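J.: Next up is a structure, given as structure tokens.
The values are calculated or read from the model by the stated rules, or taken from the named source; none is laboratory data. These figures come from a predicted structure and were not determined experimentally. As a convention, Cβ positions derive from the backbone with ideal geometry for all residues, glycine included, and neighbour counts pool all protein chains shown.
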Amino acid sequence: MEPVITRALLGMLTPSSNTVLEPVTTALLAEVAEASAHFGRFAVTEIALSTQALAQFAPAEILAAARLLAHARCQVIAWNGTSAGWLGLDRDRQLCAAISAETGAMACTSVLALDEIFARTGTRRLGLVTPYRHDVQQAIIANYRKSGIDCVAERHLEIQDNFSFSEVGPETLRAMTADVAAARPDAIVVLCTNLRAAPLVPALEAEFGLPVYDSIAAVVWKALRLAGIDTRRIHRWGRLFQEVT
């Protein structure tokens, strides 16, 4: 009889127009042979505060995608998106409870993972980098303020189309990070799972001497922890995986 192979099956709820989180998540997991990511999409095409844009994150569509991931027997189902940044962290807490109730899987989200990272590291002064519009950015800053975290510097790109986030180049991301690093926050967060920032994190941390937390990396970090996997097995993606345990 062949031995039973223990696998960590990680479900990732994915915005439909996102082209970054799937390849980046897969690359992040390359050093953990027993872990694999499985993606379920639901419709998200724009980020704004309009009624139409906010309706994209109604629980029904997200839960429908989660139920399909449960068919693959994912032990963890993660919302690999940042909508709770402007909708409030309670939205993600309620979503996690609903996912677990519907599927039996453990649940997590990018924003809640970042919140845990901030608590574990004592981060209270934050540098915030996003591609979002000004009003979305201000809603994120206000929600962090309610959580006791002060955004001491921020940069954003005034983009609304979700697909377009994926076309922001590394030079722009480095310049935005440099701008917020000048305020010497406790940490910098890149809040968007369709920005290709995670591969840049080691170089950015070396250049600016600050931890840089990417939202795709954060949800992978949390999903692995829920699956009982030591995140220190991931070596090439920045301080998060080696230092926040």
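J.: Being assigned to a helix (DSSP H, G or I) and out of contact with any Gly (no Cβ under 9 Å at 6 or more places or on another chain), is that true of even one residue in the range 177-191?
T.: yes
J.: A follow-up question, please. Select from the range 7-17 the residues that are in a loop (DSSP other than H, G, I, E, B) and either in contact with a Gly (Cβ under 8 Å, 6 or more places away or on another chain) or at pLDDT below 95 (or both) and list them in ascending order.
T.: If the condition is that a residue be in a loop (DSSP other than H, G, I, E, B) and either in contact with a Gly (Cβ under 8 Å, 6 or more places away or on another chain) or at pLDDT below 95 (or both), then R7 is the only one that fits.
J.: Return a yes/no flag: does the range 215-225 have any residue that is more than 18 Å from the chain's Cα centre (by Cα), over 20 Å from L126 (Cβ atoms), outside the structural domain of T121 (by TED's automatic domain parsing) and among the hydrophobic types (A, V, I, L, M, F, W, C).
T.: no
J.: R145: free of Cβ contacts under 8 Å to residues at least 12 places away in the same chain, over 23 Å from P15 (Cα atoms) and out of contact with any His (no Cβ under 9 Å at 6 or more places or on another chain), yes or no?
T.: Here the answer is yes, as R145 does meet what is asked.
J.: Do any helices (runs of 4 or more DSSP H) entirely within the range 42-134 hold 2 or more residues that are crowded, with 19+ Cβ neighbours inside 10 Å and among the hydrophobic types (A, V, I, L, M, F, W, C), and if so, which?
T.: Filter on the range 42-134 gives 59-71, 84-87, 89-103, 110-121.
J.: Name the single residue that is farthest from C74 (Cα to Cα) among those in the range 29-41 being outside any helix (DSSP H, G or I) and of a type in the set (G, A, S).
T.: Here the answer is A33.
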